[in-house]
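Colleague: Just passing along the structure, written as structure tokens.
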Amino acid sequence: MACSLALVSKRLYSLMIPLIYTHVRLTKPSDLLLYAQTVSSRPCLSQHTRSLWIGPDEDHVESRNCWPLNEYRTAMISSITDPLELPIRLDAGTCYSFEAGQPLSSEGWLFEAARVVIREASRTVGDPQYGRGVSLRCGGTVSFDGKKLGLNEGQIRVYQVQQVLDCFLQSLRKRQQLRSAPGPALRESSTICSLRTHPASDRFDHPLVYARTGTDSKWPTCDWALLKKAMVDEEEDIKAEVQRSILHTSTEYSGECCVDLEEAICGEVRAAVPSVVALVLLSRVVLAQSPNLVGLALKGYLQQAVTGTKNDQRFERLHLLALGPPGRHPEAHLRLSHAGLASVKKLRLWGKNWIDSVSERPPVAHTVLPFCT
């Protein structure tokens, strides 16, 4: 509502902007990248931010079953779950065989075309110096020409083939709409950010993010239903803390903070292939431009933006800090006693394994949420 009103007139724009930027949620890597670009070019906007959430929320918790290949390694599954983006009469979760001689359905021409697309993509993805393409039949362990691939490189190439399949299915759906739509031809909408071209992999905990980082990852033990409910409750707690503290933090930050975004972020983010390191650096860019924060929530590995080494940023007005739950990335020790966090009155940590990793006793009483172990 506030965003719509801001477009009505210049006067309403100036009135709505503080409301729009008071509570900010960045639940996908593309959100983080676009917001970092915005506040780096217009730092006055982030001066209004009092609560900030960076990381997945209850609607963006990564599924455990996102591997593109079926259990027999004979077919690939598209990451598209919206039926409106798939060709007509195709369901989400359909397997597209890439093996020759597999039986075809009544829509045989479509499955044969998908087979050709998958096989062609499997021959060409990846850097040729490490081997050409990827053998899907071997689960990504070797290249198409038989060279052994590392675990992470193999995973990346399998997902790249899946992305080619997704683009093929989406383009086919658009052609079907063009033939059936009355009146002027439909125009393809341009994407705001190339990360959003593949929404299924636009997740902080997607395996591709970890594979690009070059580290193995394991799922934490977790009650996912309880986790989603707790995330909603946590956001309400942060907003309540902002309401209680807003009168005491109403004076605007007078200092200047200049961050060179091109220098701060890694090339893989600009190329829409982010890693863990790049996303942590992006989070630091956003935090450096948000001096009036009262509540801050950082999920998973993103907590390293405030607890990692070589972090000398000070938060003069931060009252509530929520970290976790742990991501799939091996976690570093939590540095919670440095001077930058001296203003924190409430600290909320998720999981026993994070409590055990605290390198120094935090200077504030903490709440432990034992949903992840």
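The values are calculated or read from the model by the stated rules, or taken from the named source; none is laboratory data. Computed from a predicted model, the values in this text were never measured in an experiment. Methodologically, a virtual Cβ is constructed for each residue, glycine included, from the backbone with ideal geometry; neighbour enumeration extends over all protein chains shown.
Colleague: Please verify whether residue 261 is at pLDDT below 85, surrounded by 16 or more Cβ atoms within 10 Å (Cβ to Cβ) and over 22 Å from residue 342 (Cα atoms), treating the condition exactly as stated.
Modeller: So residue 261 passes the test.
Colleague: For residue 116, work out the one condition from (1) under 17 Å from residue 99 (Cβ atoms); (2) crowded, with 20+ Cβ neighbours inside 10 Å it doesn't fulfil.
Modeller: In the conditions (1) under 17 Å from residue 99 (Cβ atoms); (2) crowded, with 20+ Cβ neighbours inside 10 Å, residue 116 misses (2) alone.
Colleague: Check whether at least one residue in region 128-139 is assigned to a loop (DSSP other than H, G, I, E, B), closer than 30 Å to residue 82 by Cβ and either without any contact (Cβ under 8 Å) to a residue 12 or more places away in the chain or touching a Cys at 6+ places or on another chain (Cβ under 8 Å) (or both), and report yes or no.
Modeller: no
Colleague: Further question on the same structure: From the residues in region 264-293 that are part of a loop (DSSP other than H, G, I, E, B) and over 15 Å from the mean Cα position of the chain (by Cα), which one is modelled with the lowest pLDDT?
Modeller: Out of the qualifying residues, it is 266.
Colleague: Could you grab me the full set of residues in region 174-202 that are surrounded by fewer than 19 Cβ atoms within 10 Å (Cβ to Cβ) and either acidic (Asp, Glu) or modelled with pLDDT of 90 or more (or both)?
Modeller: Passing the criteria: only 188.
Colleague: May I pose another question? Do you know which of the residues in region 43-84 that are basic (Lys, Arg) and modelled with pLDDT of 85 or more is nearest to residue 279 (Cα to Cα)?
Modeller: The selected residue is 50.
Colleague: Against the condition in a loop (DSSP other than H, G, I, E, B), touching a Ser or Thr at 6+ places or on another chain (Cβ under 8 Å) and at pLDDT below 80, how does residue 336 come out, does it pass?
Modeller: Yes; evaluated as a whole, the condition is true for this residue.
Colleague: Which of (1) farther than 27 Å from residue 59 by Cα; (2) under 24 Å from the mean Cα position of the chain (by Cα); (3) at pLDDT 80 or above is the odd one out, the single condition residue 314 does not satisfy?
Modeller: Unmet condition: (2).
Colleague: Outside any loop (DSSP other than H, G, I, E, B), in the same structural domain as residue 337 (by TED's automatic domain parsing) and either polar (S, T, N, Q) or touching a strand residue (DSSP E or B) at 6+ places or on another chain (Cβ under 6 Å) (or both): does that describe residue 296?
Modeller: Yes, satisfied.
Colleague: Looking at this structure, is residue 154 part of a loop (DSSP other than H, G, I, E, B), without any contact (Cβ under 8 Å) to a residue 40 or more places away in the chain and farther than 23 Å from residue 85 by Cα?
Modeller: Against the criterion (part of a loop (DSSP other than H, G, I, E, B), without any contact (Cβ under 8 Å) to a residue 40 or more places away in the chain and farther than 23 Å from residue 85 by Cα), residue 154 does not qualify.
Colleague: What are the residues in region 125-136 that are out of contact with any helix residue (DSSP H, G or I) (no Cβ under 9 Å at 6 or more places or on another chain) and at pLDDT 90 or above, if any?
Modeller: Correct list: empty.
Colleague: Another one. Scanning for something in contact with a strand residue (DSSP E or B) (Cβ under 8 Å, 6 or more places away or on another chain), farther than 18 Å from residue 238 by Cα and at pLDDT 75 or above, does region 356-366 turn up at least one residue?
Modeller: No, there is no match, as no residue in region 356-366 is in contact with a strand residue (DSSP E or B) (Cβ under 8 Å, 6 or more places away or on another chain), farther than 18 Å from residue 238 by Cα and at pLDDT 75 or above.
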